[in-house]
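Peer 1: Following this message is one structure expressed as structure tokens.
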Amino acid sequence: MEEQILRPQRNKLETKGKLSYMESTHSWSLMNLRKPVIEEFPQLKERCSAFGYKMTFFHEYEELEKLIRKLKRDGEALPILVWLVKEKSI
């Protein structure tokens, strides 16, 4: 089955969430999607479907700019920007 990139329903969405620790991998690797994200991508409520992710990491802004120009030229979906954030401990 071919991948299908999900497209957002609205213009801009900004939200914060938490990563959860998974004992099996000994890492903070489980991303919990907040309600606004689920509302933006209603396909994620389909229980009979399978979903994954595709992540690209760039070391240089120029590489990212090239990809964005290509995505725009090809009419692809906009990428989602995600920052990994280490929160302050109390």
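The values are calculated or read from the model by the stated rules, or taken from the named source; none is laboratory data. What you are looking at is a predicted structure, and each value in this text was computed from that prediction instead of being measured. Here the Cβ positions follow ideal geometry from the backbone for every residue, glycine too, while neighbour counts run over all protein chains shown. Remember, those area values only see protein heavy atoms, side chains included, never the ligands or the DNA or RNA. Shrake-Rupley method; radii C 1.70, N 1.55, O 1.52, S 1.80 Å.
Peer 1: Can you compute 3J(HN,Hα) from phi for each residue in the stretch 20-27, using the Karplus curve 6.51 cos²θ - 1.76 cosθ + 1.60 with θ = phi - 60°, rounded to whole Hz and x for Gly and Pro?
Peer 2: Values per residue, Gly and Pro as x: 10, 7, 10, 4, 5, 9, 6, 7 Hz.
Peer 1: Can you sort Ile5, Ile90, Ile38, Ile80 by 1.4 Å-probe accessible area, starting with the largest?
Peer 2: The ranking, largest first, comes out as Ile90, Ile80, Ile5, Ile38.
Peer 1: May I ask you to list the trypsin sites (Lys or Arg not before Pro) in the stretch 1-71 that are in a DSSP loop and have at most 15 other Cβ atoms within 10 Å of their Cβ?
Peer 2: Passing sites in the stretch 1-71 are Arg10, Lys12, Lys16, Lys18, Arg34, Arg47, Lys54.
Peer 1: For Kirkwood radius over Cα pairs in Å, several values are listed as [x] 13.2; [y] 15.4; [z] 15.9; flag the one computed from this structure.
Peer 2: Of the listed options [x] 13.2; [y] 15.4; [z] 15.9, [z] comes from this structure.
Peer 1: Here is a further query. Using the Karplus equation 6.51 cos²θ - 1.76 cosθ + 1.60 (θ = phi - 60°), what ³J(HN,Hα) coupling, rounded to whole Hz, does each residue of the stretch 3-11 give in order, writing x for Gly and Pro?
Peer 2: Running phi through 6.51 cos²θ - 1.76 cosθ + 1.60 with θ = phi - 60° gives 5, 10, 6, 6, 10, x, 8, 10, 7 Hz.
Peer 1: Could I ask something else about it? Give me the extension gain from Ala77 to Ile38: residue separation times 0.36 nm, minus the current Cα-Cα distance, reported in nm with one decimal.
Peer 2: Net length gain for the segment: 12.3 nm.
Peer 1: Here is a further query. So between Ser49 and Thr15, what do we pick up on full extension, going 0.36 nm a residue minus the alpha carbon distance?
Peer 2: 9.8 nm
Peer 1: Is the shape of the stretch 2-55 best called rounded, prolate or oblate, per the rule: a/c under 1.5 gives rounded, else a/b larger than b/c gives prolate, else oblate, with a ≥ b ≥ c the square roots of the Cα gyration tensor eigenvalues?
Peer 2: It is oblate, given that a/c is not under 1.5 and a/b is not larger than b/c.
Peer 1: Lysine pairs in the chain with Cα distance under 25 Å, only those 8 or more apart or on different chains: how many are there?
Peer 2: 26
Peer 1: Restricting to DSSP loop positions (anything but H, G, I, E, B) with no more than 15 other Cβ atoms inside 10 Å of their own Cβ, which GluC sites (Glu not before Pro) remain in the stretch 1-74?
Peer 2: Taking the stretch 1-74 and a limit of 15 other Cβ atoms within 10 Å, the loop GluC sites (Glu not before Pro) found are Glu2, Glu3, Glu14, Glu23, Glu46, Glu60.
Peer 1: By the scheme Lys and Arg +1, Asp and Glu -1, what is the net charge of all other residues having a beta-carbon under 13 Å from that of Lys54?
Peer 2: So the environment of Lys54 carries a net charge of -3.
Peer 1: Rounded to the nearest percent, how much of the accessible area of the chain (1.4 Å probe, protein heavy atoms only) is carbon and sulfur?
Peer 2: On the chain, the fraction of accessible area on carbon and sulfur atoms equals 55 percent.
Peer 1: Loop-only check: which chymotrypsin sites (Phe, Trp or Tyr not before Pro) in the stretch 1-84 are DSSP coil with at most 11 other Cβ within 10 angstrom?
Peer 2: Phe51, Tyr53, Phe57, Phe58, Trp83
Peer 1: Related question: Just to confirm a number: summing +1 for Lys and Arg and -1 for Asp and Glu over residues other than Ile80 whose beta-carbon lies under 12 angstrom from that of Ile80, what do you get?
Peer 2: Counting the neighbours of Ile80, the net charge comes to +1.
Peer 1: Could you give the accessible area per residue of the chain, probe 1.4 Å, as a whole number in Å²?
Peer 2: Roughly 106 Å² per residue, with all protein chains present.
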